1. For region B:429-450, indicate whether the set of residues that are more than 10 Å from chain A (Cβ to nearest Cβ), out of contact with any Leu (no Cβ under 8 Å at 6 or more places or on another chain), outside any helix (DSSP H, G or I) and not hydroxyl-bearing (Ser, Thr, Tyr) is non-empty.
2. Here is a check on your reading of the model: is B:Phe519 part of a helix (DSSP H, G or I) and either within 24 Å of B:Thr349 (Cβ to Cβ) or touching a residue at least 24 places away in the same chain (Cβ under 8 Å) (or both)?
3. Kindly list, by first and then second residue, each pair from a residue in region A:100-125 that is touching a residue at least 40 places away in the same chain (Cβ under 8 Å) to a residue that is crowded, with 22+ Cβ neighbours inside 10 Å and among the aromatic types (Phe, Trp, Tyr), limited to pairs with Cβ atoms under 6 Å and residues at least 6 apart or on different chains.
4. What is the number of the single condition among (1) within 14 Å of chain A (Cβ to nearest Cβ); (2) at pLDDT 90 or above that B:Arg394 does not meet?
5. What is the one condition in (1) of a type in the set (A, V, I, L, M, F, W, C); (2) assigned to a helix (DSSP H, G or I); (3) within 14 Å of chain B (Cβ to nearest Cβ); (4) surrounded by fewer than 21 Cβ atoms within 10 Å (Cβ to Cβ) that A:Leu245 does not satisfy?
6. Whether any residue in region B:173-185 is more than 22 Å from the chain's Cα centre (by Cα), under 20 Å from B:Phe129 (Cβ atoms) and aromatic (Phe, Trp, Tyr) is what I want to check.
7. Could you list, in sequence order, the residues of region B:256-292 that are within 11 Å of another protein chain (Cβ to nearest Cβ) and under 25 Å from the mean Cα position of the chain (by Cα)?
Amino acid sequence: MSAEGIVAEGAPTGRDRAGNQAPAVLGQLWRTGRGKIGLILLAVFVVYGVAGYLAYENPPAAGETVEDRFRAPSVDYLLGTDNLGRSVWEQLAVGAGISLAVGVAATAIAVLIGSTVGITSGYIGGRFDQFAMGITDMFITIPALPLIIVLAAVLSRGLPTIIVVIGVTSWAVPARLIRAEVLSQRERTFILRAKAIGMRPLQIMWTHVLPNVAGIVLANAILLTAAAILTEAVLAFLGLGDPSLISWGKMLQNAFSSGATSLGYWWVLIPPGLLITLLVLSFTLVGNALTDVIDPRRRAE
Amino acid sequence: MSDTEGILDRQISRRQFMAYSGKFGVAAMLASPMVAAACGGETASGVMRFGHLNIFDTPNPVVTVSTPDMHWLVYDRLMEFDNNLSPQLSLATSRDLSNGGATVTYKIRSGVEFHDGEPLTSADIKYSFELYRDTKKGLFGGFFEPLETVEAPDDETVVLHFSGPPALDPSVGAPIIPAHIWQGMSPEDIDIFGNDEMIGSGAFKLNEYTPDTRLVLDRNSDWWGWSSNDGPKTGTLEQIIKVQLANEETIANSLRNDEIDVTGTLSSPDIWAGLQGEPNVVVEEYPGLVLDHFGINVYEDPDNPGQPHPNSGGNPLLLDPVIREAMSWAMDRQRLVDLVLGGRGEKGTVVLPPGLGDAFLEIPEGEQANGNPAKAREILDAAGYVDRDGDGVRESPDGEKLSFRLFASTVIDRLPLYAELIKPMLEDVGMEIQGVFGEDDPTLIQRVFVDADWDMYTWVWQTPPDATFMLSVQSCDQFGNLSDTYYCDAEYEALFKAQQTEGNPAQRLDMVKQAQQIFYDSFAYCVMAYPTKLQAYRDDNLVGWPFVNNGITTNWSTETFLIVSEA
């Protein structure tokens, strides 16, 4: 009798379960008010980011004359211009893609490390667990922002650096969460059966444990993305981002360093700030709603 | 020449860069609430609070390269620059020329004492000048090149023998250090001497120096120059507190909030303009001795002309002057001045800024290689640099792409702005520009000034009020030190050396102008702009602010500190 056969009798493999459940989860998510707003906002941002990437150069072209600097919004200059006469409208559009790309890519790194550590640690247990969780706790305890700033300052400047730095500093919390979930899965019957028929640990982790924690991983990833977007903005504002690309954080930094903040040139300052808030909000709404949907225990609370 | 930094404009030295970068981002968040604390809370009368991005590089006057004005307040000089940046007698009471101007005899004031009570005599001057002559250290070290011997026939007489009449007498920049403290140290010891006490004989004494935080100087009421001691300086400042602030926005707000009395140079025309109309704030635009440019790596192998030096990491295509000339034509400098400087400056041409007056070589508008992309394309086409594979980037006849790395320091806000504008201008004529705008500054400085591993580098120089310094930057002797091109041309070199001891002013000017023309025609520099100096100060706590050429607080004149008084 094959391993798959036995497992199929006891419970569907986690992989099947996750695959079958996706439309249902999305439906439930849509029915929650928060989820709906978040999903709509998110869809708008994705479309905006892609459209902005396709429509405009990054960085947008500068102005021509001294009059092009800090133009106030008007029909001809939608949202006005900044200190180099660059269109704020175009900068916002190209910045959306950067924020999304950094958020998603950094989260992918964090989730990859976090799930690997969380699943292996939870499943294998014992001394390995102690060791892995020791490292994880260390990463949780180190204040993240200073660490990120130091890493970003030491490594060469650029988008890849930012992504990697944010990724490798934000895996610890998901690792903890995933491990906790794995611990509760570990003693379930289908896992014990898989063990009994001699499946190798890696195989079990891949085919049974991972799919069963996928929901948690996903919900957490979405929340992580919100944090990563904020971190990118912070780094760009501190001048540690990719200086050759416009992102929303970079726009805020430009506004600050060019004096727009104290001169009251609101069109340079408010739009990127507002969009960062909305983008982070959309990820947070979806992430929280998703957590509720796939983790009924929490919903019950 | 001297170990001077490139960025006197902001009074940040290359060495200071090393210690500086990396932390200003964080400091930006913290600085504002700390201003009051750093200034010492309550404003005492007769205190000047001076907000700056960088306060001081070292208390050691022999090796300082970025804040000579602070050293000149603590150490006396034989001569000083007045507020028009003309040399005037200072510690010296008379200056007599003989031997066709090659011998200079100074009489100095008697009864002058160092801050520790020891007398200052001609022996101290002899010791100091011989040290500068032998080590070439410090901002004015290079000006000691023509100095041969120093005599001290009596306590109040110093005789300097030059190889020819010096174009600029180095006495105007050389701090007189106490031989009784410094004597006996080897040059290596002097290089690393901390000089925590800073014993000089000048108008102010060191009270406190906390690196990257604040520098506090107290009035030396025994100084010979104060009017209370029958001297010419009428100022009544009791204390100068130079406080380091993280960015220009913070500096401007500190001035608004009466937390500082005067700003350093503001490079943002908007932050500066934003101070206009604030109560008790005076906003001024001063003529500048500054040039913004990018230097091109032209490091050639002297044994194989036309071939790159083995130590050069630059793109060898840049050794072809045609490409460099095309870059100059591709550049719309008026647009750079308009957008980056907000119009507060002039478009650039030669290596000396127009603030140097007669020494500045004016290139007629019609002869400037500027603002003509069509011409750039034309000369590239004619030289065989055409785009053969249709990717928008030209190749050399050998198939090498015209692809260059453009580096920009981020310490001065406007440098990356220039770089951002230059990139599309050059791409427009068929070059590929990899903008590297974010490498940290110690790496960049190592890369350009030491490793010669760059193609183009945007940078700022501020020159002393004399032609020699800026010309010296392009001297063959400056490889690995000041040179940001590795340019070396025999004819230029000869003119540069000869003008240093040319006694006839008209002939010297002629040489200086010829040297500028030769260097301009090499296109090793692309001078983008000559910015003016933007500063602001408060006139409610302190009065009597002079108008100083090159800025109210300039590197070159200490006049402001010596004549302002409490209101």
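1. Here is the first cut: in region B:429-450, the ones more than 10 Å from chain A (Cβ to nearest Cβ) are B:429-433, B:441-442, B:444-450.
Adding the requirement that they be out of contact with any Leu (no Cβ under 8 Å at 6 or more places or on another chain) leaves B:441-442, B:444-448, B:450.
Pick out the ones that are also outside any helix (DSSP H, G or I) and you get none.
There is no residue in region B:429-450 that is more than 10 Å from chain A (Cβ to nearest Cβ), out of contact with any Leu (no Cβ under 8 Å at 6 or more places or on another chain), outside any helix (DSSP H, G or I) and not hydroxyl-bearing (Ser, Thr, Tyr).
2. Values: part of a helix (DSSP H, G or I): yes; either within 24 Å of B:Thr349 (Cβ to Cβ) or touching a residue at least 24 places away in the same chain (Cβ under 8 Å) (or both): yes.
Considered against the rule, which asks whether it is part of a helix (DSSP H, G or I) and either within 24 Å of B:Thr349 (Cβ to Cβ) or touching a residue at least 24 places away in the same chain (Cβ under 8 Å) (or both), B:Phe519 comes out as yes.
3. A:Ala110/A:Trp171; A:Ile113/A:Trp171; A:Gly114/A:Trp171
4. (1) is the only condition that B:Arg394 fails.
5. So A:Leu245 meets the others, but not (2).
6. Let us first name the residues in region B:173-185 that are more than 22 Å from the chain's Cα centre (by Cα), namely B:177-185.
Now restrict to residues that are under 20 Å from B:Phe129 (Cβ atoms): B:177-185.
Checking which are aromatic (Phe, Trp, Tyr) leaves us with B:182.
Yes: one or more hits.
7. Applying the first criterion (within 11 Å of another protein chain (Cβ to nearest Cβ)) to region B:256-292 yields B:256, B:266-276, B:278.
B:Leu266, B:Ser267, B:Ser268, B:Pro269, B:Asp270, B:Ile271, B:Trp272, B:Ala273, listed by residue number.
Per-residue answers, yes or no, for (1) modelled with pLDDT of 90 or more; (2) among the small types (Gly, Ala, Ser); (3) assigned to a helix (DSSP H, G or I):
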{"residue": "A:Gly5", "(1), (2), (3)": "no, yes, yes"}
{"residue": "A:Arg17", "(1), (2), (3)": "no, no, yes"}
{"residue": "A:Leu39", "(1), (2), (3)": "yes, no, yes"}
{"residue": "A:Asn83", "(1), (2), (3)": "yes, no, no"}
{"residue": "A:Ser99", "(1), (2), (3)": "yes, yes, yes"}
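The values are calculated or read from the model by the stated rules, or taken from the named source; none is laboratory data. All values reported here derive from a predicted model rather than from experimental measurement. Glycine gets a Cβ as well: all are built from the backbone with ideal geometry, and neighbour counts include every protein chain shown.
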